[in-house]
1. I'd like the distance between the alpha-carbon centres of the stretch 1-64 and the stretch 66-123, rounded to an integer number of Å.
2. Under the rule of -39500 (n - 2.57) per DSSP H run of 4 or more residues, summed and divided by the residues of the chain, what mean residue ellipticity at 222 nm is obtained, to the nearest 500 deg cm²/dmol?
3. Calculate the translational D of the chain in whole µm² s⁻¹ from Stokes-Einstein, where the hydrodynamic radius comes from the Kirkwood formula applied to all Cα pairs, the temperature is 20 °C and the viscosity 1.002 mPa s.
4. Where nothing but the Cβ of Lys and Arg (+1) and of Asp and Glu (-1) is charged, how large is the charge dipole of the chain around its Cα centre, in debye to the nearest 20?
5. Give me the tail of P(r) for the stretch 1-73 as a percent: Cα-Cα pairs with distance above 18 Å.
6. Amide H neighbours of G70 under 5 Å, at least 5 residues apart or on other chains, H built in the peptide plane: list them.
7. Return the sequence-ordered ³J(HN,Hα) values of the stretch 22-28 in whole Hz as given by the Karplus equation 6.51 cos²θ - 1.76 cosθ + 1.60 applied to θ = phi - 60°, using x for Gly and Pro.
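Every number here is computed from the coordinates shown, using simple stated rules; none is lab data. Predicted, not measured: the structure shown is a model, and the values here were computed from it. No Cβ is skipped: glycine too gets one built from the backbone with ideal geometry, and neighbour counts run over all protein chains shown.
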Amino acid sequence: MNVWMTIGLLVISNIFMTFAWYGHLKLQDVKLITPATPLIVVILISWGIALLEYCCQVPANRIGFSGNGGPFSLMQLKVMQEVITLIVFTLFTVVFFKGEPLHWNHLAAFVCLILAVYFVFMK
């Protein structure tokens, strides 16, 4: 149960994180904000979204960490979070920023991250 709860919270957390970091760029495209919108306003919007990210990230780490009775070491949690971040970011880019192409080197990087997961979970 803790495995899936941790992974689910990490996925949700990374969705919020990606929108907090890059969503304002899309908000310009759909004219909800403009390049003239004061930076402090954009930062405050991003912080509001990032608060939701932290509301999922912190419990995911607490539930998942072996020191708290969870199934994952600290290194496993971090590598898993990075892979989830890359997957969520890639989907976000492909869906919302259709002009950003994927290249062979991006796929090579994915393979390297998958190998990182393999090695960090290897006994």
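1. 17 Å
2. Per the formula, -27000 deg cm²/dmol.
3. 135 µm²/s
4. 100 debye
5. Every Cα pair in the stretch 1-73 considered, those over 18 Å come to 48 percent.
6. So G70 has HN proximity to F65.
7. So the J values, rounded to whole Hz, are 10, x, 5, 5, 6, 4, 5.
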